[in-house]
Amino acid sequence: MAELFAGKEIFTVGDLLRFYPSGYECFEEETEAARAEAGAFCTLRLKITGPASTFRKGSRTITHVDAADRSGRVRLTFFNMPYVRQTLGTGGPFVFRGILRKTGAGSLFMEQPWFADEARYEKLKGTLQPQYPVIRGIGPDRMRGLLKAALESVEGMRDPLPQKMRDRVRLLSRHEALTGIHFPKDRLILEQARRRLIFEEFFSFIVGMRRQKLEEGERLNPDPMTDRPEWVSQLLGSLPYALTAGQAQAWEEIRADLTGPVLMNRLLQGDVGSGKTIMAFLALVLTAQNGRQGALMAPTEVLARQHMEDFCSCMEKSGLPVRAVLLTGSVKGKARREALARIENGGAHVVIGTHALFQEAVRFHDLGLVVTDEQHRFGVRQRTGLAEKGEDVPVLVMSATPIPRTLAIVLYGDLQVSSLRELPPGRTPIQSLALPDTQRGRAYKFILSQIRQGRQCYVICPAVEEGEIQEIENVADYTEKLRASLPEDLRIASLTGRMSPMEKTSVMDRFAAGDADLLVSTTVIEVGINVPNATVILIENAERFGLSQLHQLRGRVGRGTAKSYCIFLYSGKEKPQRLCVLEKNADGFSIAEQDLKTRGPGDLFGVRQSGMPQFALADLYEDADLLKEASVCADEILREDPSFRYDGERRVDLSTI
């Protein structure tokens with residue numbers, strides 16, 4: 001038994017009690033066969049009207065049993081259950097539960113129904129019976145018996161939540177909640193049990209996170225930068241625009257962190273095109289003016305190269321003597337040796353690159369700032385490894401995936417958060433339209449009209465090559481289809497994640513330089529591609545993407561002053577709800593809330609990669625009120641008793657958050 005449970009990581013009575021039901025079976029009143037809806041689940045009380053017949057068909061044993069009530073006859077069919085001949089041979093009545101179906105001739109039948117004798121069903125009627133994830137070798141009845149025994153063994157358990165708190169939040173005791181979730185007497189008890197256990201999950205995690213932060217304390221900044229505004233002002237004066245109010249506020253927060261007594265650990269989140277990059281450049285310039293080095297790490301080589309070009313352009317226009325070096329996986333041989341030497345001897349004030357920056361061969365002269373772009377794209381070790389190349393290094397992480405407020409409470413309890421919610425002046429809203437794929441020709445005509453006006457366009461496909469995912473558009477086939485459908489003089493390029501970094505860079509350089517009119521790509525272009533002349537993005541099979549990803553893809557256009565458009569093509573007759581949301585909504589923060597609601601936090605951010613806690617019952621969106629209540633209670637109890645520990649409290653590694 002222990003070996004069987006170990007496969008589900010159940011080693012103790014506590015583990016078993018936290019092995020919650022995956023659902024409940026409600027045993028309702030019986031109905032008559034003639035009144036039941038064909039094709040629907042129902043419960044029938046039937047008498048057996050004749051002997052069962054059993055025969056073999058291939059590897060299966062099939063048993064037919066005829067039964068009836070006063071309203072009609074029903075044929076019952078069982079697969080690989082020959083013993084039902086004896087069990088049902090007594091005539092009954094028996095209660096059968098399953099999907100009632102009707103043949104073409106109008107006869108009723110039910111396949112593989114659950115059944116019980118009349119006396120047993122009377123005991124079950126009106127109850128909610130728990131159903132558990134399957135553990136091979138332990139049947140449902142055995143599992144229920146084990147859980148009843150486990151609950152009896154801990155009947156006098158101490159409740160780790162203070163009575164005062166339980167009264168205030170109106171919570172059951174822990175034993176009442178565990179009994180109520182495994183064997184609820186009714187739906188009200190089940191809901192009260194879930195509420196207590198969800199609160200407990202949130203409270204346990206938040207207490208663990210707050211305690212660790214209290215124990216570790218705020219990391220002091222041993223060498224604050226001098227607040228020298230000259231270079232920053234010179235850079236700001238060279239920009240063709242003024243900072244928005246949100247950017248000005250964010251920069252003030254970053255500047256105060258870098259020059260203050262507490263080591264910076266800040267998240268800068270903002271919608272696509274909200275101007276996060278210039279915030280990073282200002283921080284890097286202030287770091288360079290203080291005689292220290294700054295590192296900017298991007299998730300892809302294309303984005304790293306783009307940051308390098310933009311940074312060098314800013315330095316040239318502003319006349320600042322800040323020297324930068326690029327280090328990515330494709331920088332090889334002599335160029336790599338020279339880059340590593342400039343980083344080590346301090347010849348480079350700013351180092352821009354990919355994950356190659358945290359490799360062992362990279363040694364900084366005096367690392368004073370780490371900026372991570374699109375932070376959720378990196379694994380935990382990659383994000384923390386770079387800062388470890390210096391001592392007490394301030395960290396700024398940036399994300400173009402806005403994080404809903406409810407999620408930020410849990411994810412970024414130890415991070416200061418700056419948010420950019422407004423777009424810089426001159427950016428025009430992107431017009432979005434969702435069309436069925438039967439109107440693809442209409443979309444092509446519009447794309448062609450934009451190209452004839454000197455604009456460029458993207459087409460996004462979810463698959464790379466034929467057969468990778470059946471029945472959806474793929475880059476290889478789609479590129480050929482476009483070449484056959486559009487005029488021959490159109491220049492069409494294609495880009496996939498399977499290309500080498502050098503191939504990707506070559507394709508993107510061509511497109512950015514205007515040497516290609518149309519780029520067919522997978523979602524590899526989702527992050528960081530900046531081509532102001534691109535005004536249309538067409539997304540094939542849009543129903544296969546989540547809200548946040550579609551919003552990110554949409555942000556590849558609208559980066560210049562020209563009117564831009566996003567066309568979502570979907571298969572099927574009915575427009576998916578998420579596309580309706582995107583047609584009407586351009587606010588990434590609002591869209592992130594919707595995405596969290598429809599897909600869950602694991603899909604939104606990638607649970608393993610982001611370090612997000614995995615809760616057994618709690619839902620960060622649906623249970624947002626309990627999350628806030630648990631956060632308030634945790635803060636209050638730790639103020640009263642900083643040594644408070646919660647039984648089962650999870651130690652939280654803040655470096656994973």
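The values are calculated or read from the model by the stated rules, or taken from the named source; none is laboratory data. All of these numbers come straight from a predicted model, not from anything done at the bench. When we count neighbours, we look across all protein chains shown, and the Cβ atoms used for this are built from the backbone with ideal geometry, even at glycine.
Is it true that R255 is in a helix (DSSP H, G or I) and within 28 Å of the chain's Cα centre (by Cα)?
When the stated conditions are applied, R255 does not pass them.
Pick from D66, D141: which is more than 40 Å from the chain's Cα centre (by Cα) and of a type outside the set (A, V, I, L, M, F, W, C)?
Step by step, each of D66, D141 is checked, and only D66 is more than 40 Å from the chain's Cα centre (by Cα) and of a type outside the set (A, V, I, L, M, F, W, C).
Would you mind stating whether I10 is within 27 Å of P184 (Cβ to Cβ) and not assigned by TED's automatic domain parsing to the domain that holds M157?
yes
Just wondering, is there one or more residues in the range 56-63 that are among the charged types (D, E, K, R) and part of a helix (DSSP H, G or I)?
no
Taking the conditions exactly as written (closer than 30 Å to A193 by Cβ, loosely packed, with under 14 Cβ neighbours inside 10 Å and among the aromatic types (F, W, Y)), does F79 satisfy them or not?
no
Residues P162, P224: which one is over 30 Å from L367 (Cα atoms) and surrounded by 14 or more Cβ atoms within 10 Å (Cβ to Cβ)?
None of the others qualify; the one that does is P162.
With respect to L151, is the statement that it is out of contact with any Cys (no Cβ under 8 Å at 6 or more places or on another chain) and in a helix (DSSP H, G or I) true?
Considered against the rule, which asks whether it is out of contact with any Cys (no Cβ under 8 Å at 6 or more places or on another chain) and in a helix (DSSP H, G or I), L151 comes out as yes.
If the Cβ limit is 9 Å and pairs must be 6+ apart or interchain, which residue in the range 425-445 that is surrounded by 15 or more Cβ atoms within 10 Å (Cβ to Cβ) pairs with which residue that is part of a strand (DSSP E or B) and β-branched (V, I, T)?
Listed pairs, sorted by first residue: I430/I537; S432/I567; L433/I567; A434/I567; L435/I567; A443/V536; A443/I567.
Across the range 470-504, what is the total count of residues that are under 28 Å from the mean Cα position of the chain (by Cα) and either at pLDDT 85 or above or surrounded by 14 or more Cβ atoms within 10 Å (Cβ to Cβ) (or both)?
Total satisfying the criteria: 10.
Does the range 103-120 include one or more residues that are over 21 Å from E25 (Cα atoms) and in contact with an Asp or Glu (Cβ under 8 Å, 6 or more places away or on another chain)?
no
What number of residues within the range 82-117 are modelled with pLDDT under 90, surrounded by 12 or more Cβ atoms within 10 Å (Cβ to Cβ) and on the phi > 0 side of the Ramachandran plot?
Selection size over the range 82-117: 1.
Scan the range 140-148 and tell me whether some residue there is touching a residue at least 60 places away in the same chain (Cβ under 8 Å) and either part of a loop (DSSP other than H, G, I, E, B) or farther than 21 Å from K8 by Cβ (or both).
Scanning the range 140-148, I find no residue that is touching a residue at least 60 places away in the same chain (Cβ under 8 Å) and either part of a loop (DSSP other than H, G, I, E, B) or farther than 21 Å from K8 by Cβ (or both), so the answer is no.
Looking only at the range 169-199, count how many residues are in a helix (DSSP H, G or I) and without any contact (Cβ under 8 Å) to a residue 24 or more places away in the chain.
Looking only at that region, the number is 8.
Of the numbered conditions (1) touching a strand residue (DSSP E or B) at 6+ places or on another chain (Cβ under 8 Å); (2) not assigned by TED's automatic domain parsing to the domain that holds D373, N265 satisfies every one except a single condition; which is it?
Here N265 clears every test but (2).
Hey, among the residues in the range 236-250 that are touching a strand residue (DSSP E or B) at 6+ places or on another chain (Cβ under 9 Å) and not in a loop (DSSP other than H, G, I, E, B), which one's modelled with the lowest pLDDT?
Checked the range 236-250; the qualifying residue modelled with the lowest pLDDT is G246.
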